[in-house]
Each structure stands twice: as structure tokens, then as C-alpha cells.
1. Based solely on its DSSP helices, what 222 nm [θ] is calculated for the chain when runs of n ≥ 4 H residues each add -39,500 (n - 2.57) and the sum is averaged over all residues, nearest 500 deg cm²/dmol?
2. For the chain, calculate the relative contact order in percent as a whole number, restricting contacts to Cα pairs under 8 Å that are 6 or more residues apart.
3. Describe numerically, in nm with one decimal, the distance between label points set 7 Å from Cα along Cα→Cβ at Arg113 and at Ile2.
4. Between Lys71 and Lys121, what length comes free when the chain is fully extended (0.36 nm per residue of separation minus the Cα-Cα distance, one decimal in nm)?
5. Which label marks the calculated value of Kirkwood radius over Cα pairs in Å, given the options [x] 18.5; [y] 15.1; [z] 16.4?
6. How do the peptides 62-68, 21-27, 117-123 rank, highest first, by the average count of neighbouring beta carbon atoms within 10 Å per residue?
7. Label Thr55 and Lys84 with points 7 Å out from Cα along Cα→Cβ: what is the distance between them in nm?
Amino acid sequence: MIKKIFCFYIKKKIKAKKAFTEFPNPHLNTANFLIKGADFYNYIKSKIFNNKYDTWKIESGFDSLTEHFKKKNYNLFVVNSDGKKFPENKWMYSETYHYKDQSKSLMSDKHSRKYLTRSNKKK
């Protein structure tokens with residue numbers, strides 16, 4: 001039984017290594033992504049979604065929305081409730097997602113609400 005679990009774990013790690021970059025992996029949550037419809041359509045039209053794993057790749061995989069548009073030389077910003085915009089190297093200071101108390105977030109989802117319930121150590 002332990003051998004079976006170990007093999008499953010190793011296969012899962014190898015699969016993830018092929019699809020995702022190592023930490024830190026800055027990316028924008030798709031629920032909070034503002035983009036022109038035509039640009040989004042051109043990106044998404046060739047994608048296939050069969051499961052949650054496929055959607056994770058859209059958020060933080062090698063060909064994520066963030067990576068795709070960075071490669072096309074788009075300027076990507078996080079905008080907080082004060083109307084300030086932050087380039088990628090300063091996203092964490094926007095106080096919008098999984099940093100401090102997210103007090104300047106414009107959006108809320110189950111992940112941001114779950115973060116708020118965690119202890120400081122787990123954050």
C-alpha cells in the first residue's frame with residue numbers, strides 16, 4: 001500500500017513539474033483578470049479543459065494567462081481599491097491577494113476568504 005501511495009505521489013510531482021514553474025510563481029487569478037475579449041479569446045480558443053488541473057494551468061502553468069501576455073510584451077498590473085497600479089515585482093504590496101489582510105482587494109472569492117481565516121503562521 002505504501003509503495004502504491006509513493007508511486008502516485010512521484011507521478012503527481014513529475015506531472016506538476018512539467019506544467020508549473022517552481023515557487024515563487026507570480027500569476028493573476030482568472031477571476032480577477034481584466035482583459036479585452038478578443039485578446040482573451042485568442043488565448044483561450046486552443047485550450048482544452050477536462051478537469052480542475054487544466055484550469056490551474058491557465059492560472060499558473062507555463063502557458064498561463066500571465067505568462068502568455070508577458071511573452072507578448074503586455075504590461076500586467078494589479079490595481080487595488082485605492083486605484084494604485086502595481087507592476088509584477090510589486091504585486092505583493094498591493095494588499096489585494098494573500099498578503100496582509102487583503103484590505104485593498106477589489107474582488108473576493110472562496111480562496112481569499114479562506115486566507116483570512118488562517119492563522120498568521122499559515123498565511
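1. -12000 deg cm²/dmol
2. Details: 95 pairs, mean separation 19.5, N = 123.
Relative contact order comes out at 16 percent.
3. Here the modelled spin labels are 4.1 nm apart.
4. Values: separation 50, 0.36 × 50 = 18.00 nm, distance 3.51 nm.
Here the segment from Lys71 to Lys121 would lengthen by 14.5 nm.
5. The value matching this structure is [z].
6. Values: 62-68: 18.1, 21-27: 12.0, 117-123: 7.6.
So the peptides 62-68, 21-27, 117-123, ranked by packing, come out 62-68, 21-27, 117-123.
7. Between Thr55 and Lys84, the simple spin-label model gives 3.2 nm.
A short reminder: the numbers here are calculations on the coordinates, not readings from a lab. The structure displayed is predicted, hence computed values, not measured ones. In this analysis, Cβ positions are derived from the backbone assuming ideal geometry, glycine residues included, and neighbour counts consider all displayed protein chains.
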